[in-house]
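Here is the structure we will look at, set down as structure tokens.
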Amino acid sequence: MAACTPIKNTIPAKHDKPSGGTSVDTSGKREILIVQSKSQIDEFSKNTWTLQFAQGVKTADGKTNYNLVWDSKPLQHHNHVIWTKPVYALNWTADYPAHGSTVCVGGMWQEVEIGSVWDLAEDGYWTTSDSVETSGYIGVGEINYHCDGVPGIHVVIGMKCGKSSSFSPIFVDPTALELGSSSIYQPKEEVVWWYDTPKPIGAEVEVGIHVYGIFIDGSYICSTYDGKKWDDISKPPAAEEEPEPQASASTNEAKFPFTKRIIFTPAIKSNLQENVAKYLKKKLSGEYTEVDATFSVENKVEFLQVILEGRKNAKKRKVPVPVRSVVADISASIRGAEGANFIPKKDNEVWRFISGWW
């Protein structure tokens, strides 16, 4: 039997397979944003959950399967998964892994094009095939490799994205292909995700807690989980209300210096951030003193921080400045930046204030 090198991808529990399909687009960026509130993260932490993702692959029987963990993220307020230009490869394993264990590939990764056909030679290496191509699928024309003690080998589909130099398994065929067998596989770029307890190599995956979202026919989606069901949302949910540190309990008066943080989804591109910050400074300087607007990153979350040292002509004003008035001024400056095209408008572009606890 060929040598088997472990690769750290685990199999989630069986669950219903979402329907739908799309041809693979190898050009654009795909982005999934998972947003959770502080109370939800605190609750999920009791279960020691992590956020896990799987890619879908369609097989010869017409079903789309999600049976390997493709990516995993820790619990946090914002979880971004972004990938571009997927490249696919073929491999194989003699032993189909048990639930919770890792897939153990037995061969070398063979990079392939969608629509190409490959044979598995007697030495366990992939070679180009004379078999007829199936449009939109990766084809396995003929299996000529045999492992003693098993009925056949299981085809493994791998994927790498962007500038990555290595392939990661995204699917293993449950059907063992015997000598002379053939099959077809279509990577769908349909992604499911769920929360689950991390599993060490070889451990079983608990069945019944895999509630998931799905990403089909799009380049961006934002989703959240309330502990019972997933919801796809057009923008991140509002942050939970916390005591406002810049306001007094009696008058809701803004206290200076006044600081607010803003998250943009998707994030403002780095080459536009300076223009956005300058625009906000200029607009807010008409009403406030020593305005600062700076893009920063904390706990892997990028945000724009606005600091206002004071309100102009504050001593002449008889009425305290309410927090909502200052927030409205900052909001107006952001809308102005959008109107001036410093912040490019997109179908799913949103921004919101945060309390800074993520």
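Since every read-out is calculated from the coordinates, none of them should be taken as a lab result. These numbers were taken from a predicted model, which means no experiment stands behind them. Don't worry about glycine lacking a Cβ; one is built from the backbone with ideal geometry, like all the others, and counts go over all protein chains shown.
Observations on the structure shown:
- Divide the volume of the convex hull around the Cα atoms of the range 56-112 by the residue count and you get 146 Å³ per residue.
- With viscosity 1.306 mPa s and temperature 10 °C, the Kirkwood radius over alpha carbon pairs of the range 87-126 converts through Stokes-Einstein to a diffusion coefficient of 138 µm²/s.
- Length gained on full extension, LYS38 to SER325, computed as 0.36 nm times the residue gap minus the Cα-Cα distance: 100.7 nm.
- Paramagnetic label reach from LEU179 (point 7 Å along Cα→Cβ; backbone nitrogen cut-off under 14 Å): within the range 113-140, residues 121-124.
- Between THR48 and LYS229, the simple label model (points 7 Å from Cα in the Cβ direction) yields a spacing of 3.1 nm.
- Between GLN76 and SER165, full extension at 0.36 nm per residue minus the direct alpha carbon distance yields a gain of 29.3 nm.
- Theoretical gain in end-to-end length, LYS85 to ALA121 [0.36 nm per residue, Cα-Cα removed]: 10.1 nm
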